Structure formats: structure tokens, C-alpha cells
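Reading through the C-alpha cells given below for one structure.
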Amino acid sequence: MKSNLKLIMIALFSLVLACSPEDGKDGINGVDGQNGQDGQQGIPGENGNANVVSYGFDVNRADWGSPANYGEGNIFRDFVITQDLIGGNSLSQIFSDGGAVLIYARILPVGDYFLMPIAFSYAGVGVRLTASLNRESLFISKTTNGWDNLSIADNEIPEVINFKIVLIPKEAAGRMANNKEVDVNSYQSVMKFFSEEIKRME
């Protein structure tokens, strides 16, 4: 009888360990993914958003790589987004897991952030900014019609461009997509949505 009781206690203890708070870290609502029950709330990320994080960094003119031909007349200069710039995360992994990666750029120090890809005029030259999540890189090129990608000279690149990258796990991305009030073109709208979600959960 004592041995049966001992086995039952070990089984219960193992069950408690298996349901650790770590299970509640994969979404704003902490769904644990095992049995559909709500788990612990995830760890708050930057700007107070659980599991939705925003990272900002600047790219100076000299930081862009040399012009490279990517085929069919598309010539880009790249900037590799190293994981140390985005909290050790991988853009391609988040995207392949079903999450969302939103990249915003600000050209003027006091201007707004615009969702990429974008085309704009700088020093009388059309400039285009795009990105590749698979390559985990930003790209810059000259453009004459907003779509072509031509080689861009050093003096045609803005001295500094500010970037914001928002990393959104799959569950949170789904909630954002289903909310018609969120304007993904606006960095402020996206961050406001997730900040308000946290307040509703508290």
C-alpha cells in the first residue's frame, strides 16, 4: 500500500513539473499549445508587449554593402540584420513559424515611420527600400519608376535611416489580422493595439 501511494505521489509530482510556467510563453494570451488551456502570461517584451517586441536601430550611409546584381537588372546594396540587433531572434524563423515581421523606416530624424517596402526621393534621386526575411537583410537601390532596382551611389543614399522591426508570434499576428482597427502601415497603430491587449488582460 505504501509503495502504491509512493508511485501515485511521484506521478502527481511529475505532472506538476510537466505543467511549468514555461508553457505559457508563446502568445500574448499565454496559450500553452498542449491542451488548449490558458497558461501563464508570457514574459513582457520591449515597450510592455508580451511576446511582441520592437527593436530600433540606425543604418548609416557607410553601413550598406557594395552593389550586387541579383538578376534581371536588379542591383541592390544590402545591410544584414544581425541577431544582436533584434534580441537574438531570427526573422526567417519567426516568419516560417507563422508569425509576422513588420519593418518600418524613417528617413528624416523627425518624420514618421513608414512600412516597407517604400520608395522616396532623396537629393533628387528616387530611392527604394525593401527587405528579404529569408536573407535577413535590408536592401537599398535607386529607382526611376518605384519598381525598378538600379545601382545607387554613396552620395545618393541618405546619411542615416532609422529602422523599427516588430516581431509578432503566430497567435498574436492572427489577432492583429482579425482586428480591422489596426493599421499595419502605422507603427504607432500596431504598438497601440498590443499595448491595449496587455491592459485588457491585466
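For the reader, a short list of remarks on this structure follows.
- In segment 25-54, the residue that is least open to solvent (accessible area, probe 1.4 Å) out of those that are touching an Asp or Glu at 6+ places or on another chain (Cβ under 7 Å) and at pLDDT 90 or above is 54.
- Cβ-Cβ contacts under 7 Å between residues 6 or more apart (or on different chains), taken from a first residue in segment 60-81 that is at positive phi and free of Cβ contacts under 8 Å to residues at least 60 places away in the same chain to a second residue that is among the hydrophobic types (A, V, I, L, M, F, W, C) and open to solvent by 70 Å² or more (accessible area, probe 1.4 Å), are absent.
- Among the residues making up segment 130-164, a single one is basic (Lys, Arg) and touching a residue at least 60 places away in the same chain (Cβ under 8 Å): 164.
- Subset tally (residues that are out of contact with any strand residue (DSSP E or B) (no Cβ under 9 Å at 6 or more places or on another chain), of a type in the set (Gly, Ala, Ser) and surrounded by 15 or more Cβ atoms within 10 Å (Cβ to Cβ)) for segment 104-124: 0
- Test result for residue 181, outside any loop (DSSP other than H, G, I, E, B) and either modelled with pLDDT of 95 or more or open to solvent by 40 Å² or more (accessible area, probe 1.4 Å) (or both): no
- Taking (1) part of a loop (DSSP other than H, G, I, E, B); (2) closer than 28 Å to residue 89 by Cβ in turn, residue 144 satisfies each apart from (2).
- Test: residue 127 is surrounded by 18 or more Cβ atoms within 10 Å (Cβ to Cβ), at pLDDT below 95 and among the hydrophobic types (A, V, I, L, M, F, W, C): no
- Take the conditions (1) open to solvent by 30 Å² or more (accessible area, probe 1.4 Å); (2) under 20 Å from residue 176 (Cβ atoms); (3) part of a strand (DSSP E or B); residue 101 misses just one of them, which is (1).
- Note on segment 85-123: residues that are touching a residue at least 12 places away in the same chain (Cβ under 8 Å) and on the phi > 0 side of the Ramachandran plot amount to 3.
- Here the condition is being open to solvent by less than 50 Å² (accessible area, probe 1.4 Å) and under 18 Å from residue 161 (Cα atoms); of 81, 94, it holds for 81 alone.
- Residues that are assigned to a loop (DSSP other than H, G, I, E, B) and either among the aliphatic types (A, V, I, L, M) or within 24 Å of the chain's Cα centre (by Cα) (or both) were ranked within segment 148-157; the one that is farthest from residue 117 (Cα to Cα) is 153.
- In segment 136-177, residue modelled with the lowest pLDDT [restricted to those that are among the small types (Gly, Ala, Ser) and open to solvent by 50 Å² or more (accessible area, probe 1.4 Å)]: 177
The values are calculated or read from the model by the stated rules, or taken from the named source; none is laboratory data. This one's a predicted model, so the numbers in the text were calculated from it and none came from an experiment. Note: ideal-geometry Cβ built from the backbone for every residue, glycine included; neighbour counts use all protein chains shown. Areas reflect the complete protein model, heavy atoms only, side chains present, ligands, DNA and RNA absent. Shrake-Rupley method; radii C 1.70, N 1.55, O 1.52, S 1.80 Å.
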